[in-house]
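Presented below is the structure to which this report refers.
The values are calculated or read from the model by the stated rules, or taken from the named source; none is laboratory data. These figures come from a predicted structure and were not determined experimentally. Glycine also receives a Cβ, built like all others from the backbone with ideal geometry; neighbour counts cover every protein chain displayed. What goes into the accessible areas is simple: the full protein's heavy atoms, side chains included, and nothing from ligands, DNA or RNA. Shrake-Rupley method; radii C 1.70, N 1.55, O 1.52, S 1.80 Å.
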Amino acid sequence: MGLDELADGQGARTAGDAGWQASRYNIMAAVPDTGMTAIYNTYRRTCGEYTPVEMFLLSVVEELDENHPILERFARRGIIANFDEREAFVLQRRLECAGTHAGAVEITICPTLACNFECPYCFATLGKGKMRPEIQDDVVSLTARMLAAAHAEKLVITWFGGEPLLATDVIESLSPRLIQVAEENGCAYEAWIFTNGYLLSEDVVDLLQRCQVDRVHIPLDGVGATNDTTRRLVGGGPTYSRIVDNLALLKPPMKTLIRANVHEGNVGEIDELKQAVIAKSKEAGTKLRFYAASLVDVSPADELDSPMADYAFHGIDVALRPESRHVLVGKDHACVGQNLWMVAIDDKGLLYKCGGKLCGQSEFAYGTARDWDPTNPLATASNPDMLSRFLNTASPSPDDACYGCEWLPLCGGGCPQLRLFGKPECPAYRNDPEAFVLAMHGRIRK
């Protein structure tokens, strides 16, 4: 049977008549030494391999009979669609702005913006005070308003900074009140802390456990002196050995997440760092997970021949090697900047849509914990334009280049803060689609 016969249909209507067409989000790469083609679909996040005959059928899919059996396989993988995927994606993102993610209200609290480190890439050099009792009252009141308005099922608190362990008294004071608010609203309670790890001690860990903080996120910039070059004490001084030793304090049920900040100066040490922290975890019996994410603020790796490209495609925190079985791409939901029910609060009680870069810079605040009401979000905002601008980044239109890009479902248009106040940054793998597809294909063959 010839290829023309495979493509011929017998029914009255073609697949094109029924609305089927090749997905706009297919990215392809030839699988070396096989004659097969790998297709990764960025909308559905599927990857499969296809024979030359199947590739021909895909190329003429609109001419096939609407009942052709290949359509079911193509549709299951998302490489053909009978709807406008781009418009569906934009709608999904807008819905994510208004709705809670997994039924949760998520609040990032900076009890202080002071820090005992002076990392050259960090924003948190903005203050020395900590959250006053009256501001804590406002935080509790805002939390109650948000839970009630959202009909939330869960409250997620993230302690951030600065270095939040410089304000353990605030954590100890606020936590039982937030837990009580969650209980009064019939919500589960979950709490994280982002800390540099230097101030951890048995007493601090006991306090965190009493406050139901059971997930600890610690960044490292490399092994030994490499880490100490950037993650250094105020005034200078090493930190690596003490941080790694402190990991042993984080016994189950606490969970530890180590983020390796990858840049061109440490990319060669990331595997060594991973092995070091895993060895410490096994020795101490802790529950630890490791991931790598590029730190573009330290040493951007924009060139294709950069050593960074061998380890981390930056822009949306993708840890990727062709032999890796763990590839993290895209986002499962809108970030803080794009969701009404996610807020960041600084030590002055100001509200932000970006906790990672803007907290503490009052010109970027959109409201206050005392006054803002999510049931009337713009009227109660002190800077409604700031809130609107962030929420509207959920859709990258009218940016035509971004709106028409095949990578859009993975990056979602990139970081909202960069889109609004910096330079929008595309994921680096956009420049090497074949390597990306083959890396994803490598996962399905293992």
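Working from Cα pairs under 8 Å separated by at least six residues, relative contact order for segment 345-420 is 21 percent. Sites count as exposed loop sites when they are GluC sites (Glu not before Pro), lie in a DSSP loop, and have at most 13 other Cβ atoms within 10 angstrom; the longest stretch of the chain without one is 1-302.
Taking a straight Cα-Cα cut-off under 22 Å and skipping sequence neighbours fewer than 8 places away in the same chain, the lysines within cross-link reach of LYS282 are LYS251, LYS255, LYS274. Taking a straight line from the alpha carbon of LYS280, these aspartates and glutamates sit under 15 Å away, with near neighbours fewer than eight places off in the same chain left out: ASP245, ASP271, GLU272. For segment 39-113, the equivalent ellipsoid built from the Cα gyration tensor has semi-axes of 39, 15, 10 Å, listed from largest to smallest. By how many degrees, between 0 and 90 and to the nearest 10, does the Cα long axis of helix 168-184 differ from the longest principal axis of the chain? It works out to around 60 degrees. Note the angle between two axes, namely the Cα long axis of helix 270-284 and the longest principal axis of the Cα atoms of the chain, as a number of degrees from 0 to 90, rounded to the nearest 10. Roughly 60 degrees, rounded to the nearest 10. Structure remark: mean-square fluctuation, Gaussian network model of the chain, C-alpha springs under 10 Å; the largest value among ALA260, ALA365, ALA144 belongs to ALA144. Computed with a 1.4 Å probe over protein heavy atoms only, the accessible surface of segment 196-271 comes to 39 Å² per residue.
Could you check how much of the accessible area of segment 391-446 is carbon and sulfur, as a whole percent, using a 1.4 Å probe? Here carbon and sulfur together make up 48 percent of the probe-accessible area. In the context of the full set of protein chains, residues of segment 111-170 present 38 Å² of accessible surface per residue (probe radius 1.4 Å, heavy atoms only). Relative contact order of segment 212-258, taken over Cα pairs closer than 8 Å and 6 or more residues apart, is 50 percent.
Computed from Cα positions, the angle between helix 133-150 and the longest principal axis of the chain comes to roughly 30 degrees.
Within the set (i) 23.3; (ii) 24.0; (iii) 25.4, the number that Kirkwood radius over Cα pairs in Å takes when calculated for this structure is listed as (ii).
Between ILE70, ILE278, ILE243, the GNM of the chain built on Cα springs shorter than 10 angstrom shows ILE70 fluctuating the most.
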